[in-house]
Protein chains: 2
Amino acid sequence: MNITRILYGVGVAMATLLAGCATQATRPLGPLVIESQGSFAVGGVVKHTPGTYDNNKPTSAGQSFHGDHLYASYQVPQHAKALPIVMLHGAFQSARSWETTSDGREGFQTLFLRRGFPVYLVDQPRRGRAGNSTVAASTEPAPNDQLFFDQFRIGKWPNYFDNVQFDRRPETLNQFLRSVTPNTGPYDAGVIADAISALFDKVGPAILFTHSQAGGPGWLTAMKSPNVKAIVAFEPGSGFIFPQGELPAVMPSAAGTLAPEAVSLADFLKLTRVPIVIYYGDNFPVEPTSERGQDNWRVRLAMARRWVAAVNRHGGDARLVHLPEVGVRGNTHFLMSDLNNVQIADLVSAFLIEKKLD
Amino acid sequence: MNITRILYGVGVAMATLLAGCATQATRPLGPLVIESQGSFAVGGVVKHTPGTYDNNKPTSAGQSFHGDHLYASYQVPQHAKALPIVMLHGAFQSARSWETTSDGREGFQTLFLRRGFPVYLVDQPRRGRAGNSTVAASTEPAPNDQLFFDQFRIGKWPNYFDNVQFDRRPETLNQFLRSVTPNTGPYDAGVIADAISALFDKVGPAILFTHSQAGGPGWLTAMKSPNVKAIVAFEPGSGFIFPQGELPAVMPSAAGTLAPEAVSLADFLKLTRVPIVIYYGDNFPVEPTSERGQDNWRVRLAMARRWVAAVNRHGGDARLVHLPEVGVRGNTHFLMSDLNNVQIADLVSAFLIEKKLD
């Protein structure tokens with residue numbers, strides 16, 4: 001850890017304390033006042049089957065199929081701030097990720113509504129309520145509960161990490177495991193980025209929050225849409241894109257090898273237009289280890305550091321906050337629904353204030 | 001049409017007019033004031049794979065899978081009425097059915113919130129955000145747009161019915177067709193009824209709204225849970241259950257044969273405990289026809305009439321409202337999002353007031 005990072009860490013810790021004080025005093029309690037709310041589909045394609053449709057003997061001939069769109073729901077609070085927040089979930093998840101926490105408290109959807117932001121929650125193409133995929137898939141009941149417990153750093157199954165910010169009542173874990181929902185078509189970061197870009201076309205200038213696997217589509221969206229005014233990425237897990245010719249080495253881990261991906265320098269430079277902050281939680285190993293669930297994140301954190309350095313080397317404004325370095329302990333992979341999620345929201349608020357986006 | 005039905009029709013028409021006047025004058029405008037909102041999973045099962053879980057070389061051995069639950073989101077308005085409304089979507093749909101209409105107006109979710117009801121929206125097991133199914137399935141991009149246009153009585157593709165309560169802008173049809181989302185496991189009315197019953201266990205006494213295919217699971221839920229205090233069924237399409245030995249004949253149509261289903265008399269009698277109202281829209285043929293999309297509904301309406309008669313013969317309180325008979329014209333299969341959905345909501349409100357459930 002170099003001196004810059006230490007000083008930055010101290011700064012963030014102070015901002016956290018200040019944000020905590022401010023919001024303790026001023027956070028609105030009681031009812032939410034909602035100016036408008038609703039939902040819609042955006043993006044996607046239409047596939048046509050050749051032939052002539054027979055109304056009374058219908059086959060696929062002459063019929064069409066709408067798919068690969070996203071589903072978004074939104075709420076606009078009274079006296080809303082200028083920039084909405086768009087929240088995009090990660091792998092195995094839906095917009096559910098941002099709603100009520102597994103232990104029953106308010107998630108980032110409602111926390112940021114209370115802070116005055118219009119909030120758009122997304123089910124990405126081929127997931128959740130946007131299930132119509134133009135490419136077939138099969139959904140298998142894959143037993144992954146114990147793997148998820150490890151991989152999402154709740155602990156090492158069946159034991160919780162000592163400091164984990166995850167409520168230990170059995171019903172909390174039950175809710176967490178039931179937030180999982182499958183892909184209904186092949187995962188395709190380009191399809192997702194196309195739909196999210198179409199959402200930003202509709203919504204206008206806004207802030208993008210991404211979680212985990214959504215990190216990659218998030219960067220792609222920022223390259224496509226000038227309406228992305230900032231990215232807040234929670235534990236991006238893959239899709240780290242570098243300029244052609246500047247790719248770091250692949251990174252082996254106990255959970256497999258993480259490889260960077262190449263884009264043109266011209267596209268990469270589009271990532272330097274907006275402020276970006278990345279947060280990672282706790283219980284990462286420092287050295288390689290055979291503990292699969294944790295080692296998986298060691299290399300993702302290391303790759304994200306390379307990525308932030310690359311963005312900044314090209315004139316960008318990217319920042320990585322490894323929470324334990326600023327004194328925030330015990331966070332799982334789901335920072336936005338951990339027991340200290342208000343503290344995490346305060347950190348994000350401090351960042352948005354600093355960047356004049358609040 | 002007999003005299004009782006005519007008199008009943010006049011009564012409903014008057015109630016409609018009165019409800020219309022009352023709500024024109026008193027319907028709250030402007031912001032929604034929400035006391036609380038959130039989401040959760042309920043019901044479902046856990047499947048265990050034999051063996052011992054190895055944290056660092058995970059396979060399915062020793063792991064578990066959570067599936068067959070439902071997903072529910074809820075909003076409780078300030079000064080809420082006593083009985084919440086649970087809204088269950090039909091085939092090819094999710095909770096999206098009850099949200100913003102395809103043409104961008106408020107759907108039943110927000111309309112009934114404005115009328116003071118806590119509203120619970122459900123994605124049923126194996127659909128939408130409750131996608132984890134204990135039984136595998138494949139999702140194919142089945143081209144059904146034109147069939148849906150016909151079958152949901154928007155018109156006879158590519159022509160709209162003259163009187164149809166469906167906005168004709170292309171974007172409205174685009175939104176409608178993108179509300180479709182596939183099953184992620186085999187449709188199973190029993191699995192759905194189990195999960196909805198678990199939801200009623202959690203929510204307490206409440207009113208159940210069902211749409212289309214949800215009619216069947218709705219009746220099953222009312223048999224299972226004494227917390228179901230009324231059912232409002234919009235165009236129930238299948239799952240008509242009769243006491244063993246009292247089944248009407250199967251009903252052939254241009255869209256296939258509709259068969260009644262048998263339950264024990266003891267179970268059937270549970271349906272006589274609560275008020276039930278069924279609504280069907282317009283453009284049903286009176287006589288059998290080769291027009292598949294419409295003929296499909298001729299037999300469902302006829303079966304529903306037999307069903308209502310059976311419930312009432314056994315001492316129940318069931319009512320069927322075929323909207324054209326009370327002067328309400330042009331409704332598609334999606335009554336709750338048609339252009340006149342406020343008028344439909346007013347009819348429902350009049351029913352709930354009559355039954356002292358409002």
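The values are calculated or read from the model by the stated rules, or taken from the named source; none is laboratory data. Nothing here was measured: the structure is a model prediction, and the numbers come from that model. Cβ atoms come from the backbone with ideal geometry, glycine included; neighbour counts cover every protein chain shown. For the accessible areas, the whole protein counts, side chains as well, though only heavy atoms, and no ligand, DNA or RNA atoms are used. Shrake-Rupley method; radii C 1.70, N 1.55, O 1.52, S 1.80 Å.
A few notes on this one:
- Farthest towards the positive end of the charge dipole of chain B, among the residues B:Thr181, B:His66, B:His314, is the Cα of B:His314, using unit charges on the Cβ of Lys, Arg, Asp and Glu.
- Label points for B:Leu247 are taken 7 Å from Cα along Cα→Cβ. From this copy to the others they lie 6.3 nm apart, shortest first.
- Pairs of lysine residues in the range B:3-354 - Cα separation under 25 Å, sequence separation of 8 or more or cross-chain: 11
- Computed about the Cα centre, the dipole magnitude for chain A is approximately 520 debye when only Lys and Arg (+1) and Asp and Glu (-1) carry charge, each at its Cβ.
- Nearest-10 value in Å² for the accessible area of B:Asp194, using the 1.4 Å probe: 90 Å²
- Under the Debye formula (equal points on every Cα, no solvent term), log10 I(q)/I(0) of the range A:160-318 at q = 0.12, 0.15, 0.20 Å⁻¹: -0.59, -0.90, -1.34
- Nearest residue to the symmetry axis between A and B, taken on chain A by its Cβ, in whole Å: A:Ser138, 2
- Mean residue ellipticity (222 nm) of chain A, computed from DSSP H runs ≥ 4 via -39,500 (n - 2.57), nearest 500: -10000 deg cm²/dmol
- Per residue of peptide B:130-136, the mean number of Cβ atoms on other chains within 10 Å of the residue Cβ is 6.
- Dipole magnitude of the protein assembly as shown about its Cα centre (Cβ charges: Lys, Arg +1; Asp, Glu -1), debye to nearest 20: 720 debye
- Other protein chain C-beta atoms within 10 Å of residue C-beta, averaged over A:57-69: 6.
- Computed over the Cα atoms of chain A, pair by distinct pair, the Kirkwood hydrodynamic radius stands at 21.2 angstrom.
- Shielding by partners, peptide B:40-47 (average Cβ within 10 angstrom, other chains): 4
- Accessible-area composition of the range B:3-354, carbon plus sulfur, in percent [1.4 Å probe]: 57 percent
- Cα gyration tensor shape of the range A:51-202, rounded if a/c is under 1.5, else prolate or oblate by comparing a/b with b/c: oblate
- Of B:Asn144, B:Phe240, B:Gln75, farthest towards positive along the dipole that unit charges on Lys, Arg, Asp, Glu beta carbons give the range B:3-354: B:Gln75
- Set of aspartates and glutamates with alpha-carbon distance to A:Lys356 below 16 Å, sequence-local pairs under 8 removed: A:Asp317, A:Asp346
- Solvent exposure of B:Glu354, expressed as accessible area, is near 90 Å², computed with a probe of 1.4 Å over the protein chains only.
- Accessible area that becomes buried as A packs against B, both chains, 1.4 Å probe, Å², nearest 100: 6000 Å²
- Against the criterion of solvent-accessible heavy-atom surface with a 1.4 angstrom probe, A:Glu140, A:Glu246 sort, most first, into A:Glu140, A:Glu246.
- Peptides ranked, highest mean first, by Cβ atoms within 10 Å: ranges B:44-52, A:72-80, B:119-127, A:277-285: B:119-127, A:277-285, A:72-80, B:44-52
- Heavy-atom accessible surface of chain A, averaged per residue, reaches 36 Å², computed with a 1.4 Å probe.
- Cα gyration tensor shape of the range A:302-341, rounded if a/c is under 1.5, else prolate or oblate by comparing a/b with b/c: prolate
- The range B:253-358: C-alpha gyration tensor shape, a/c 1.5 cut-off, then a/b vs b/c: oblate
- The protein assembly as shown: radius of gyration over Cα atoms, expressed as a fraction of 2.2 N^0.38 Å: 0.99
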